[in-house]
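Okay, so here's the structure we're looking at.
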Amino acid sequence: KRARTLLTLYIAAGLDPEKNCIYYQSHVSGHAELAWILNCFTYMGELNRMTQFKDKAAKHADNINAGLFTYPCLMAADILLYQPDFVPVGQMQHLELTRDIAIRFNNIYGDVFTVPEAYIGKAGAKIMSLQDPAKKMSKSDENPNGSIYLMDDPDTIIRKCKRAVTDSEGIILYRDEQPGVKNLIDIYCACTGKTPAEVEREFDGKGYGDFKMAVGEAVVGVLKPLQDRFADLSKNKEYLDKVIKENAEKASYFSNKTLRKVQKKVGFPERIR
């Protein structure tokens, strides 16, 4: 149900499934198959340094499992299977590991993987928690007021923005010394297309109350059409089923081209068809 909801949200947000292959990872076995091979070209020290692993291991000390430890290898497989030139990122560390693995493999076996570059958006590349601007906004945040969800109703969005942590300076400037205000400016820019300098001029002499309300209204303005589109799409079960089936087949076709090449390089016997 969650996977179906997320796929529907992607389409509602404007991703055309005819142009963008949106599929369930679990429907494409190549991800797990390549991840195992990449495990064998990844060093323990590299995985130990992963910030996400260290953070989650600290929070869940009773469940530090191998899947969590080797998750970056699966993420590398997610990327390298499709030979992308660029990967949209907010967190660089996993992509850097992916690049290292690809380069290491290519050095041994020749030109197998495209080594991807990072693509970082000009606005909203990394949105921080509304309650703790030192950490990124996350659906796993224990504080429900720290994150805005795509399906939050207008009143909830406005309330969360009003409660956003700022500071006692009382001026709206885009600078590191004011992380809470800077984060709200990032959100406002992402929703309006304005630059931080334009936002500073717009709210020059105004208080945080007016600014937070404007941020909330901007977010509502962006999400309301998405929510309406999501509601319409959710009623069309036949269309969503078709997207899921056809895109799984498309993703399998492209991923298998890379996987078979990798398997041949490392010496796996060919399958009997």
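In whole Å, how far is the Cα centre of the range 5-58 from that of the range 183-212?
Rounded to whole Å, the Cα centres lie 34 Å apart.
Net charge near Gln52, counting Lys/Arg +1 and Asp/Glu -1 over other residues with Cβ under 15 Å of its Cβ? Don't skip to the end; give the middle numbers.
Working: positive: Arg49, Lys54, Lys56, Lys59, Lys126, Lys135, Lys136, Lys139; negative: Glu46, Asp55, Asp78, Glu96, Asp141.
In short, +3.
Helix-only mean residue ellipticity at 222 nm, the chain, DSSP H runs n ≥ 4 weighted -39,500 (n - 2.57), per residue, nearest 500. What is it? Don't skip to the answer; put the middle values down first.
Values: 12 runs with 154 residues, N = 273.
It comes out at -18000 deg cm²/dmol, rounded to the nearest 500.
Which loop trypsin sites (Lys or Arg not before Pro) in the range 98-130, with loop taken from DSSP, have no more than 10 other Cβ atoms within 10 angstrom of their Cβ?
Details: sites: Arg99, Arg104, Lys122, Lys126; in loops: Lys122, Lys126.
Listed in order of number, the matching sites are Lys122.
Taking percent of Cα pairs over 34 Å apart straight from the coordinates, which label in (1) 32; (2) 27; (3) 19 is the correct one?
The value matching this structure is (1).
Pop out the ³J(HN,Hα) list for the range 57-66 in order, Karplus 6.51 cos²θ - 1.76 cosθ + 1.60 with θ = phi - 60°, rounded to Hz; leave Gly and Pro as x.
5, 5, 7, 10, 4, 8, 9, 8, 9, 5
Tell me which residues come under 5 Å, amide H to amide H, from Met128 once H is placed; ignore anything under 5 positions away on its chain.
Met137
For the range 1-134, give the percent of accessible area contributed by carbon and sulfur heavy atoms, probe 1.4 Å, rounded to a whole number. Don't skip to the end; give the middle numbers.
Working: 4120 of 7650 Å².
Heavy-atom surface of the range 1-134 belonging to carbon and sulfur, 1.4 Å probe: 54 percent.
Which shape class, rounded, prolate or oblate, goes with the range 159-212 when its Cα gyration tensor gives a ≥ b ≥ c as root eigenvalues, a/c under 1.5 marks rounded, and past that a/b bigger than b/c marks prolate?
Details: a/c = 1.37, a/b = 1.17, b/c = 1.16.
Since a/c stays below 1.5, the shape of the range 159-212 is classed as rounded.
Answer with one residue from Asn143, Gly14, Gln83: the one whose Cα lies farthest towards the positive end of the charge dipole of the range 1-145, charges on Cβ with Lys, Arg +1 and Asp, Glu -1.
So the residue furthest toward the plus end is Asn143.
Mind listing the long-range amide H neighbours of Tyr119? Cut-off is under 5 Å, sequence gap 5 or more, other chains count too, H placed in the peptide plane at 1.01 Å from N.
Val87, Val89
List the longest stretch of the chain that has no exposed loop site; here a site is one of the GluC sites (Glu not before Pro) assigned by DSSP to anything other than H, G, I, E or B, with at most 16 other Cβ within 10 Å. Could the numbers behind the result be given before it?
Details: sites that count: Glu18, Glu142, Glu169, Glu177, Glu270.
The longest uninterrupted stretch comes out as 19-141.
The values are calculated or read from the model by the stated rules, or taken from the named source; none is laboratory data. The shown structure was predicted, so the numbers you read here are calculated from the model rather than taken from an experiment. Because the Cβ atoms are built from the backbone with ideal geometry, glycine has one as well, and the counts that use them run over all protein chains shown. Just the protein is used for accessible areas: all its heavy atoms, side chains included, with ligands, DNA and RNA removed. Shrake-Rupley method; radii C 1.70, N 1.55, O 1.52, S 1.80 Å.
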